[in-house]
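Have a look at the structure below before the remarks.
What follows draws every value from the coordinates through simple rules; no lab data is involved. Every value quoted in this text rests on a predicted model; they were computed, and no experiment measured them. No Cβ is skipped: glycine too gets one built from the backbone with ideal geometry, and neighbour counts run over all protein chains shown.
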Amino acid sequence: MDLMEYKAKELFGEYGIPLQKGFLAGKQEELIRGLDPMEQVPAGMRYPVVLKAQVPVGGRGKAGGIRFASDREEAQKQGEAVFGMTIKGHPVKRILVLEKANFTREMYLAVTLDRGGRCPEILFCSEGGVDIEETARTKPESILRTPVDPRIGIREYNARYLSDKAGLTGEMGKEFKGVLSRLYEVFCAYDCMLAEINPLVVTAEGHLLAADGKITVDDNALKRQEAILTYRDEQEEDPQIRKARHYGFLYIPCEPDGTVAVMSNGSGMIMSCIDLITKAGMQVGAALDLGGGATADRIAQAVELMLAETRTQALLISIFGGITRCDEVAAGIRKALAKAPERRTQLVVRIEGTRKEAGMEILSSLAGRVRTADSILEGV
């Protein structure tokens, strides 16, 4: 689960990572009130300020979702414009207002999970504010990687190695060690897959500052992360996602203009279906992962959920029946269609595995609304 910048910075602040002064506004009135010198929170914020749209996608800057203002009047005007934006299908409902950082240098610092090494790993680049994936592809030698023994944590030599490479000496080197240690604490405390500061800047006064941040939390650990669960529930996310989560499914929104939906049991199968559909010149609007062991009732819930998407003209269901039996899949489809006789969405079903013959017999009775396929390719 990816956290928006304001939440990532909130967690950074709890652990003492240095941040700009700022506040979060959920509507224009809150933004205006926060900019009032008499009510300003935090006190002493200075212009110029930066207004950053809070949306769960990247590319805010290119979309015009990050703006600067040199005084209160301009900030109010820019805030009104940003609140009226939709970025990659996400309406802007929150703006983070911050003092504009006056810096002389940008760097990249992150703690991530090295699956191959089975341990946390520090990533550092002397160039910040960049797409780190693109940098890793074009200039891999510029990224320093340091494994961390989870039994020990950050040691003096971890920080010294990176600060020496970056040319951060004296007090700046000590500050760097503090930021790195606190970032690692955040990574561990919140079961992160990634805790990233990009950019980590050197201010004109000679101090370090986390100018932007990103945190990805392991979905499997959410049950023990009450603060993150509360944050998730506060988000105005897609109601389909909430409904799918309630039933124990994984719902994935895809292309806003997509008219084809995909339902399967397993991420690999879903990705294969999406690739083939896209290659055939169509767009996938949404996908749903059933997981394993789905009964007829759960299949029916999943199909109903996908048919509720009004833009969906076709639904491809591809199931490999191991724990999930093919006759249960077919029975669930029949049950869902019985509840939605008016929907004319074309269903294409491919089932393979346990009790396939019994499942195909049930599907044959739905010939008017369901087409069967022997392979994903045929289904597409």
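For the range 90-106, backbone phi angles converted through the Karplus equation (6.51, -1.76, 1.60; θ = phi - 60°) give residue-by-residue couplings of 10, x, 7, 10, 9, 10, 9, 9, 9, 4, 6, 6, 9, 10, 10, 7, 10 Hz, Gly and Pro being listed as x. If you plug the beta carbon distance of ALA373 and VAL130 into 1/(1 + (r/R0)^6) with R0 = 56 Å, you get a FRET efficiency near 0.80.
Loop sites by DSSP among the GluC sites (Glu not before Pro) of the chain, restricted to those with at most 10 other Cβ atoms within 10 angstrom, leave 40-204 as the longest stretch without any of them. Exceedance of the 25 Å cut-off in Cα-Cα distance is limited, within the set LYS139/LYS165; LYS279/LYS335; LYS21/LYS52; LYS21/LYS177; LYS88/LYS335; LYS52/LYS279, to LYS279/LYS335; LYS88/LYS335; LYS52/LYS279. Helix 296-307 axis versus longest C-alpha principal axis of the chain: approximately 70°, rounded to the nearest ten. Taking θ as phi - 60° and the Karplus parameters 6.51, -1.76 and 1.60, the scalar couplings of the range 173-188 work out to x, 5, 4, 4, 4, x, 5, 4, 4, 6, 5, 5, 4, 4, 3, 6 Hz in sequence order, x denoting glycine and proline. Applying 0.36 nm per residue to the separation of ARG311 and LYS243 and subtracting their alpha-carbon distance, the gain on full extension is 22.7 nm. Distance from the Cα centre of the range 40-119 to that of the range 163-208, in angstrom? The range 40-119 and the range 163-208 have Cα centres spaced 20 Å from each other. Cross-link partners of LYS339 among lysines, defined as those whose alpha carbon lies under 27 angstrom from its own and excluding same-chain residues fewer than eight positions apart: LYS243, LYS356. Taking θ as phi - 60° and the Karplus parameters 6.51, -1.76 and 1.60, the scalar couplings of the range 266-276 work out to x, 5, x, 5, 4, 5, 5, 4, 4, 4, 5 Hz in sequence order, x denoting glycine and proline. Each label was represented as a point 7 Å from its Cα along the Cα-to-Cβ direction; for GLU352 and SER272 these points are 0.5 nm apart.
Sparse packing (at most 12 other Cβ atoms within 10 Å of the Cβ) combined with a DSSP loop state is found for the following trypsin sites (Lys or Arg not before Pro) in the range 5-100: ARG46, LYS62.
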